[in-house]
Every structure is written in C-alpha cells, then in structure tokens.
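Chemist: Structure incoming, see below.
The values are calculated or read from the model by the stated rules, or taken from the named source; none is laboratory data. Worth saying up front: this structure is predicted, and the values here are computed from it rather than measured. Virtual Cβ from ideal backbone geometry, glycine too; neighbours counted across all protein chains shown. These accessible areas exclude ligands, DNA and RNA; they are computed on the full protein's heavy atoms, side chains included. Shrake-Rupley method; radii C 1.70, N 1.55, O 1.52, S 1.80 Å.
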Amino acid sequence: EVQLVESGGALVQAGGSLRLSCIIRGEIINEFTIGWFRQAPGKEREGVACINMRDRSTRYDDSVKGRFTISRDNAKRTVYLQMNSLKTDDTAIYSCAADFDLYFSSFHLTSAPYEYWGQGTQVTVSS
C-alpha cells in the first residue's frame, strides 16, 4: 500500500514563504500523478497544484498561479510545494494525494482521480 506523508506546515506572516514536502512510500508504478489540496474550516477541499511524476508536467489553480510552485525529486521520492507571497486566504490544512492512472489532465485539480491521501499539514498565514 502507498503511504503519503506531508510536512513543512507552519505559522507565517502574510507575504512570507513556506515549502511543503510530500514523501511517497510504498510500491508504485512508473507513471503517476501527485496533487496538492487544501481545506479551510467551513470550506470544501480545493485543488492547488499537481504534477506528473514521469515528465513533470504541472497544473495550478488560478488562485495560486505565479505564487506557488510544485516540483518533484524522484531520487528522494518527494514532491514539494513552494509557497511564496502567502495570503491569509491560503490558511488551510494542506494534503497531498496520489493517482496511479496513466492519464494526466486538468481533472487532476479535482479530488476524484486520487486513490491515496496523506493526513495533511497545517498552514496558517497571519496578517
């Protein structure tokens, strides 16, 4: 079974930066997709960014494009989410997820394709 473990969440002031990590453990196929999602209290989960682990194709939600960058290090089996220019609206629990289907599309910014989820890490942005 695949296990995903997030880390890097913290309290940070608006305008600051954080880097989240998602470590991927377990037996996996060669091509899969990792997505970052977030959920704030009282709100639905929303997709932030996703990356194809084979060719590193990426997609971003418009709310974070230009501020967040998703990347991967296959040797370390880790996906990163670099978050710059943080806003109070970015406050949420951030989770990573894995999908082992072969196709990569904008649908991977929704929760539906993903089979495995981490437990999340808290990001709090203060004003």
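Chemist: Filtering the range 20-57 down to residues that are farther than 18 Å from PHE100 by Cβ and either in contact with a His (Cβ under 9 Å, 6 or more places away or on another chain) or basic (Lys, Arg) (or both), which residue is most open to solvent (accessible area, probe 1.4 Å)? Reasoning before the result, please.
Modeler: Start the filter on the range 20-57 by keeping residues that are farther than 18 Å from PHE100 by Cβ, which leaves 20-21, 38-46, 48-49.
Those still in the list that are either in contact with a His (Cβ under 9 Å, 6 or more places away or on another chain) or basic (Lys, Arg) (or both) too: 38, 43, 45.
Values: ARG38: 16, LYS43: 127, ARG45: 110 Å².
The residue in question is LYS43.
Chemist: Looking for something on the phi > 0 side of the Ramachandran plot and not aromatic (Phe, Trp, Tyr) - is there at least one such residue anywhere in the range 31-42?
Modeler: Pass one, the range 31-42, residues on the phi > 0 side of the Ramachandran plot: 42.
Now drop any that are not not aromatic (Phe, Trp, Tyr), which leaves 42.
Scanning the range 31-42 turns up at least one residue that is on the phi > 0 side of the Ramachandran plot and not aromatic (Phe, Trp, Tyr).
Chemist: Could you tell me whether any residue of the range 58-65 is closer than 15 Å to ASP89 by Cβ and surrounded by 21 or more Cβ atoms within 10 Å (Cβ to Cβ)?
Modeler: Quick first cut of the range 58-65, residues closer than 15 Å to ASP89 by Cβ only: 61-65.
When the remaining residues are screened for being surrounded by 21 or more Cβ atoms within 10 Å (Cβ to Cβ), the result is 64.
There is at least one residue in the range 58-65 that is closer than 15 Å to ASP89 by Cβ and surrounded by 21 or more Cβ atoms within 10 Å (Cβ to Cβ).
Chemist: Here's another thing I want to ask about it. Tell me the residue from SER17, SER21 that is in contact with a Leu (Cβ under 7 Å, 6 or more places away or on another chain), closer than 17 Å to VAL123 by Cβ and among the hydroxyl-bearing types (Ser, Thr, Tyr), please. Spell out the reasoning first.
Modeler: Details: SER21 fails: in contact with a Leu (Cβ under 7 Å, 6 or more places away or on another chain).
Matching residue, one of SER17, SER21: SER17.
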